[in-house]
Each structure stands twice: as C-alpha cells, then as structure tokens.
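Worksheet: one structure, shown below.
A short reminder: the numbers here are calculations on the coordinates, not readings from a lab. If you're wondering where the values come from, they're calculated on a predicted model, not measured in any experiment. In this analysis, Cβ positions are derived from the backbone assuming ideal geometry, glycine residues included, and neighbour counts consider all displayed protein chains.
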Amino acid sequence: MSAKQILTTLMMALAFVATGSMAQAADMPDQVSIDTMVKLFDSVEFDHAMHTDLGEDCSVCHHHTTGTGTADKRCVRCHADSEEYVPVGCSSCHVADPFSAENIQQKELDLYQFHIDKPGLKAAYHWNCIGCHEEMDGPTDCQDCHARTPEGDAFYHIDATGSSTSGH
Amino acid sequence: MSGISRRRFLAASVAGCAATTLAGPKKALAAGAFTGYSDSMGVLVDLTRCIGCRSCEAACNKEQALPAPDRPFNDMSIFDETFHGGTQKRRPDENAYTVVNRYEPEGSDEPIYRKVQCNHCNEPACLTSCFVNAYTKTQEGAVIYNNKVCVGCRNCMIACPFNVPGYSYSSAFDPIVKKCIFCHDTRLKNGLPPACVDICPQEALTFGMRKDLLKIGNQRIQTHPGRYVDHIYGEKELGGTSWMYLSSAPFDEVGFDANVSNEPIINNVKDFLGTVPMVLAIWPAMFTGFHLLAKKQAGHDNHDEKVEEQHGEEGGEQ
Amino acid sequence: MKSLIKSGVNVVDSHVNDKKDEDWSFIRKMMLGLHFGQYLGQALRNPFNWILGVIFAIGLPLIAYRFLFGLSVVTHASNDYPWGLFLGFGLFAMVPLSASGFMLGTTVEIFGRHDFEPVERLALLNGLLGYLFAVIYLLVDLGQPWRLPYPMVVSFGPAAVLFLVAWHVATYLSVQVAEVSVAFFEWIGWLGGKRFIRRIAIGLTVSGIILSTLHQGALGALFCYAPGKVHPLWFSASFQWIHFFCSSIPAGLCMVIAVSTIIKKTMAWRCDDNFLDNLDRCTLGLAKGASLALITYLVIKIIGIAHDNEWAYLATGWGAWFLFEMAVGVVLPIILFGYAIRHKIVGMARVGAFITVFGIVLNRLNTALITFNWQLYQEVPHIFEVIIAVTIFAIYVVVYRFILYRLPILYTWKAEPEAAFAADAAKATPVRMTTPAVEAVYRKID
C-alpha cells in the first residue's frame, strides 16, 4: 500500500472525526473514533467523556477555541478575547497533509500568515495525547491506544511471534 | 641532447605542454561559491520532538526497498548497541539510509533521539570530490547518485563530513554507494515529502522550503525560551545543508560534530585547484629557462665543479 | 648468476652473440643469453625466488578471492574507513617513492647534470614501475576497477582533485613509458624509436615535471576533503599539497639510493663499470639533494603547524607520534646525510636513504590510515589485506628485477655505429664497440 493511500484514508477518516467532534460543550461527543492510520494501526477509540471528566479545562486540548480560553503567553497576545470557535474539532485547524505541495505553496502565497509552524493533524494528536499521558502517567505505548494491524507488523518487520518490545 | 636544435626543442616542449594542458581547461573549472537553489526543499529535524519510535527507519526501508532488518523496527534495545569499543553508535549504511540514535546528555532528564541521514548539503563534499560526477544536487535540494558511472573509489565517503555514504563492500561485481537520496525519484520530484517525514507521528521532521524552515526554526527558538540551543545546525555548517536540526542539548553532546567550519568542504581544496593553471602555465617556461641557462653556462657537459651549487638550487626551489 | 658468469657465461649486452658472432634470438635475449637449463638452474638456486614463491602461493589466490567475492572478504574497508592499506600504502606511499623519475629527469635533462646519467635510467624505471604498481594497487581497491577509464571517457568530474590525479597519473605513465622505452628500443634494436624519443626528451621531461608537481600535490590535496578526519598535525588546508609534493622529492631520490644499494649487493653482475664506478659519487649527490629537500620539508611542516596554531597538539599522544615521525623520518636522515656528505661515507648516506623511505611511507600511512578518523576509532587492516599488499609489492619486485636483468638500465648497450644502422645493415655487419669513450659518442648521436 502506498503512502498516498495511507494519506487518503487518513484524510477521509479525519473528515469523519471532524464532524463527530464539531461540538459546543452542549453537544460534545462522548466517544470519538480516530481512524487516522487504519492501515498500520487500528483506529483509536477516544473516550472524550472520560477525558472531560478529568476536570481539566477544555483549553488544555482545544487551546483558545473553546472553554475558558488559553492562558499561554504566546497565545494570549492575540487570543485573550477570542470568541469561541465553531467548529472546534482538531481537524478544522490541523490539516492531515501539512507537507502537501499546496500547503507548502500556501506559505509562499500568504506572506502575512502568522501560524507558519502549525503542526499537522497527526502530530497535533500525538503531542496532545502523549504529552499529557506522560505527565499524568497515562498509557504511552503505541499499542495502548491503537493496535497494530497485520500490515503494520509487516511494515515494522515484526514476525509472527511478536516477541519484540515496543513503545518508546 | 646536444644534437637537438633550439627550434626542435621548443617544438617538442610545446607539444609536451599541449598534451598536458589538453585536460587543463576542464580541471580549472573550480566551483564558485554556491549557497543552494533558492526554492530548494529541506527538512528541519527537531530533536525535542523525537520519541525514538524508529518509524522513519521502517518507512525508509520500505520506500527504498532495502533488505529486511535483522531486528524489527520496534525493537528499542537497538539503542543500546555500540560499536568499536563502545565509541560509536549506529550509522547509515548500505542496508539503512537512516538510523535513529539515543543520547543521554548530562542535565537532560529525558533521552534525546537523533535521526541521522544524508544532510543534503548545498555544496556537497561528495559531489565536489567525485571524479566521474556521479552526484547531482537537484533543484529540489536532493543530493542524488548515479550508480551507472561510479568507479568505486570511495572518495565521497572520505569527503563526507557527516560520515553518511555507505558502500556495498560485500558485492563483488556491482558494489555501489548507498545513501539517502531524499526519496527524490519516488517522492520529492513529485512534490511529496520523503517517506520518513510522512510517517513521523510527532512531526519531529518538518518538510518545506529551506528558506521557510529557517524562519520556522528561528521562530521555535524564539517562542520557546529555554527549550532550544540558540542554533540551527545546518543553517551555515559546511555551506549550509538541506536537512537542519534543532536541539535542546548542546549539539556536540548528541552526536554532532560541532567543530565543523561554515565553509563548504570544497573551499579547502580551492587553494590547490587554483595553483593548477599556474603550474601549467609557469612551469614549462621556468624549466625550459633553467635548461637554457644550464646549457649556456656550462657547455652542457663538463661542469663537475658546479655540482654542489646547482644541486642546492634545485632543492631550494621547492 | 655470479657463478655462471665466473664459469664463462656471457650475459646479453648487445645484439650479437659474443662468441659465435651471430645475433641473439629473442628467446635467448629473454633468457639473458643463457640456455634454458642454465636459466632455470640459476632461478631455482636463488633463495629469494623461493620466498617470492611462498608469497605468491598465498597471495595470488587471495587476490582472486577478492575479485570473486568482493572487498569485504579481504579488507577491513568500512564506511568509516573507505581507504585501507591498498591506497594508504599502495597509492599514497608508492607515488612519492616514484618521484625519482622526474627528479633525475630534471637533473640530467633540464639542469644538464650529465654526471648523474649513470643512475638516470634506474630512476626513470623506478618512477615508471612505482606508478604502474600504484595503479595496480588502485585497481585492486576500486569497487568497479573495470570502470577505471570512466573519468577519461564516460563522465567527467572536473572540479574533483581525484580527476586531476587520474588524468595526471595516466598521462604521466605514458610519459614515463616513453622515457623508459629508450632502453627497450635499444634492447630490441629499433633505433628509429630511440632517436625519436631522444628528440622529444626535453618536452617529455618538462611535462613530467608539470604532471608530477600537480599530482604529487594532488594526492595531498585529496585529504583537504577530510579536514575533520585527518589529525590536525598531519593536515594543513593551505599547505597539504606542498607538504606532499616537497616530501616526494627526498622520497624519490632516496628510493633510487635504496634500490641501487640493493642492486649493488644482489646483481652487481648486471651493472657495468660506468654504473658501479659512479654509484658512490651519485649516491652522495642524491643524498645532498635529498637532505636539502628534507630540510625544506621540515621547515614547511613547522610552518604548517604555526600557520594553523597547532602547537598544543604536540603535547598529546598524537603529538608524540608526530614528533617520532619527524625525528626518525626527517631529522635523523638529515643528520646522517650531513655527516655522510661531509666525510664522504657512502654507507651512512645509504642508511639515511632507507630511513627516509621509511619516514615518508610512515607519513603517508599516518595521513591516510593511522591518524585518519582520529576522533572516531582506530582501524587495523585485515590480515588478508596485508598479505595482498605484500603480494602486489612482491610482483612489483619481480617485474622490477625482470626488467633490470634485461634492458640496458644498469649497463650500457653496446651499440652499432651510425653508419651501420643508417645503411640498415646493422645485423649484417656488426661492429663491436669496446672503448667507453667511443660508446659515449654514439649515445650522444642517438
């Protein structure tokens, strides 16, 4: 399977995620299925409700777009009084293909763009999840969140015995 | 010798010089200063983001159809491997165009992972040292290699300041240089990022135009005070590279040669290349001059008493 | 061989058979004028041949092994150490040791120092064979040796130093073949060829100087590509090529002294009086040249350290090794040469020459192999690599000896007078020249 196919699948999956999480506090989803890399890894069943129950503010994950807004010094200069965004789903800002020719070209066309270093969707997820999980002693092993598919096993050259360790 | 008329002698020396200068004009083409194609692409590697998952190694292996690894790519015990008495970590070779190494610098709680691959220099040492012009720096920024003309002298490996090119020594009949080519054939030239960038879960690898990556790198340093060493490795090193690095630890503590010059490698050689046309032009006249002097002075045969002085002259002139 | 000569055998030194007054056949010339039995007998009696035999018995199969199964089975060549003993010794040491050709060519042809003529041909041959075998070492080391002509015909990398080396070595090899071919033409009896070469001798010599200057220097400049890899004491971006060029001068001169010493001890029968009588004088003359070049070399090495301010390195372990190389390889021979020249002690000059050769080889090995990657780790060559290097050197010795035995390098070919060959009747009316003076006259005419 080509990388392009992975990418297409990823994008389609994200379109779904975005719709699912297009939510104000009122209609926020309890469960989000993140189908990003379904080729190498199965989808992540993200328990949104459980995470909101942790009592952290929405802005911990959603930055300035929802909740009480951000306190990050870098962000408040512009976003201190930002209105709530609609939608607030990750993929509405973080694109799945940050390094496509179009997206790179965009940097050349829009010379006043401020966020020239906005991470792509995959990185946005991993940073948010892993960063927090490490702090809160959540699961950090790859397969704790998404099980590797047979195709993923082949990709990493993991033989049937699966004897090797994984994680980081 | 005495039988040779001056005219004939001159003709002979002119012929000799012509023969030597035949190749001269080509050699004299020492490359001028080159700082890279303006719209060339690059990758910014942010060591603070890398979690050492080795997915980039797996993606590279697949994209470049390299041989299956001895151990699976999720085997993290490979970071404990060292070579040559514990002095060396893994390096790219014929079976792996990129490797990730783990470092534990003092004062850092977390290990730091560093991906190694060809840095795709603006003015590559491999390219400038190759006597069959097997290397090309493409418009897109990749340094690619033509195995059809490679003779196998391995001067490029001597020259590479990053110790990147590997050689398939085990092949008897078709040994070639093997190194990262920025996925030029399959991706880069079609406007796609290389496979390693595509797979990276952490966006530790940022793909873009080199000039934008410099802006991004500086912005990261600026907006995250205390997080990074205030330096983009590869911005200026050895004339600049397409692949550049940001790090939280001093670069020499995470496997970089921090002592490299900002001059491209070829600049070390330009002194010599510059003398080549001078030698070609001056030597014939100078030595024929010496010859004529020696001939006039001494009747060309009997000059035993001159032995000592003339020999001194010869040694001293070097 | 000596015993054969004592027993009255005449060795070929002219076209005609001494006793029967008839031409030597080509086969007999090849066998030095001996009969097959005699030739085989002397070859078998020579213990050195048995040593060579052992080396070849082990080494030749290993060379075949290398070509059938790749470099990795016989060398420790690696991605960090792309160049091993084949280039470190074979190319980088053999080439300076072969600077003798252009040095003596310059001395005799350009400076008109005909008093060095007795060793000129030896020096030219030494140059030719050294280069030839440097190329052979290179062929063994190249990944795809069958592509050696590529930089000349297929694909050009003109900004590369190695491109210069390739072109210069190739051109210079042809120049040296031409220079040495004089002896060959005498031996086969084709005087037209000889006269043609003599006519362009100055042109050949001058192009030889140019080519030698450039590629002796270029071999040094090759290391300018690896500024961080060669230890700073052995590296100088500005002067590397001058260091290599300058040190090639004593290397070449001392190689002539060393080879002539071995010749004098082992094959004096092949030398004529002109060679033997003049050798001591020439040796001291060469030693004088070598010592001056060594002093120059010492000075520019010190300038190199001062220029890059590398004094601090002298206090390290590598510094001690560097001082050893300079003390033994450069300063000691300077002292020996100085004393030998002042007191006319030829033996001491010869010892100095052998030490100089050792010193230059050590310098090249240090630059290419020992201090290379000084910041990484030390590579030790594979035992097979050593054996192959020794085997090729043994082939070099055999070829060297083969030519010295036959061609008029160490002795003067007893030529026919011009009248005879002008009439193309050399073979029909052979005239024997005996007096050296007359002989010299004919050499001049040629």
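Here are a few things to note about the model shown:
- Restricting the range C:93-108 to residues that are within 12 Å of chain B (Cβ to nearest Cβ) and crowded, with 24+ Cβ neighbours inside 10 Å, the residue that is farthest from C:LEU173 (Cα to Cα) is C:THR107.
- Looking only at the range B:252-296, and only at residues there that are within 18 Å of the chain's Cα centre (by Cα) and among the aromatic types (Phe, Trp, Tyr), the one that is surrounded by the fewest Cβ atoms within 10 Å (Cβ to Cβ): B:PHE256
- Just so you know, in the range B:144-182 the residues that are more than 7 Å from every other protein chain (Cβ to nearest Cβ), of a type in the set (A, V, I, L, M, F, W, C) and touching a residue at least 60 places away in the same chain (Cβ under 8 Å) include one that is surrounded by the most Cβ atoms within 10 Å (Cβ to Cβ), and it is B:PHE182.
- Only one entry of C:ARG121, C:ARG113, C:ARG66 meets the criterion of being over 25 Å from C:GLN240 (Cα atoms), in contact with a Lys or Arg (Cβ under 9 Å, 6 or more places away or on another chain) and not small (Gly, Ala, Ser), and that entry is C:ARG113.
- For C:TRP311, the test of being more than 14 Å from every other protein chain (Cβ to nearest Cβ) and more than 26 Å from C:TRP83 (Cα to Cα) is passed.
- C:ILE334 aliphatic (A, V, I, L, M) and in contact with a Ser or Thr (Cβ under 9 Å, 6 or more places away or on another chain): yes
- One residue stands out among those in the range C:358-388 that are touching a residue at least 40 places away in the same chain (Cβ under 8 Å) and touching a Pro at 6+ places or on another chain (Cβ under 8 Å): the one that is farthest from C:PHE185 (Cα to Cα), which is C:LEU369.
Yes or no, residue by residue, for (1) under 30 Å from B:PRO194 (Cβ atoms); (2) in contact with a helix residue (DSSP H, G or I) (Cβ under 7 Å, 6 or more places away or on another chain); (3) β-branched (Val, Ile, Thr):
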residue	(1), (2), (3)
A:GLY67	no, yes, no
A:LYS73	no, no, no
A:ARG77	no, no, no
A:TYR85	no, no, no
A:CYS90	yes, yes, no
A:CYS93	yes, no, no
A:ALA96	yes, yes, no
A:ILE104	yes, no, yes
A:ASP110	yes, no, no
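- Note on the range B:220-251: among residues that are touching a residue at least 40 places away in the same chain (Cβ under 8 Å) and in a helix (DSSP H, G or I), the one that is surrounded by the fewest Cβ atoms within 10 Å (Cβ to Cβ) is B:ARG220.
- Subset of the range A:61-78 (residues that are within 21 Å of A:LEU121 (Cβ to Cβ) and crowded, with 16+ Cβ neighbours inside 10 Å): A:CYS61, A:HIS62, A:HIS63, A:HIS64, A:THR65, A:THR66, A:GLY67, A:THR70
- Test: residue in the range B:194-212 that is in contact with a Phe, Trp or Tyr (Cβ under 6 Å, 6 or more places away or on another chain), under 30 Å from B:GLY152 (Cα atoms), surrounded by 21 or more Cβ atoms within 10 Å (Cβ to Cβ) and more than 9 Å from every other protein chain (Cβ to nearest Cβ): yes
- Among the residues here, C:PRO227 does not qualify as of a type outside the set (Phe, Trp, Tyr), at the interface with chain B (Cβ under 7 Å from one of its Cβ atoms) and in a helix (DSSP H, G or I).
- Flag if C:THR296 is hydroxyl-bearing (Ser, Thr, Tyr), away from chain B (no Cβ under 14 Å) and within 22 Å of C:PRO232 (Cβ to Cβ): no
- Some residue of the range B:227-244 being out of contact with any strand residue (DSSP E or B) (no Cβ under 7 Å at 6 or more places or on another chain) and within 25 Å of B:GLU94 (Cβ to Cβ): no
- The residue pairs whose first member lies in the range C:68-84 and is more than 8 Å from chain B (Cβ to nearest Cβ), whose second member is polar (S, T, N, Q), and whose beta carbons are closer than 7 Å, counting only pairs six or more residues apart or on different chains, are C:TYR81/C:ASN373; C:GLY84/C:THR75.
- Qualifying residue in the range C:353-373 (condition: of a type in the set (Gly, Ala, Ser) and surrounded by fewer than 17 Cβ atoms within 10 Å (Cβ to Cβ)): no
- Candidate set: the range B:64-96, residues that are of a type in the set (Asp, Glu) and away from every other protein chain (no Cβ under 11 Å); chosen: the one surrounded by the fewest Cβ atoms within 10 Å (Cβ to Cβ): B:ASP80
- Matching residues in the range A:57-107 - criterion: being of a type in the set (A, V, I, L, M, F, W, C), over 25 Å from A:HIS133 (Cβ atoms) and not in a loop (DSSP other than H, G, I, E, B): A:VAL76, A:CYS78, A:ALA101, A:ILE104
- Failed item in (1) within 30 Å of C:ASP13 (Cβ to Cβ); (2) surrounded by 19 or more Cβ atoms within 10 Å (Cβ to Cβ); (3) small (Gly, Ala, Ser), with C:SER174 passing the rest: (2)
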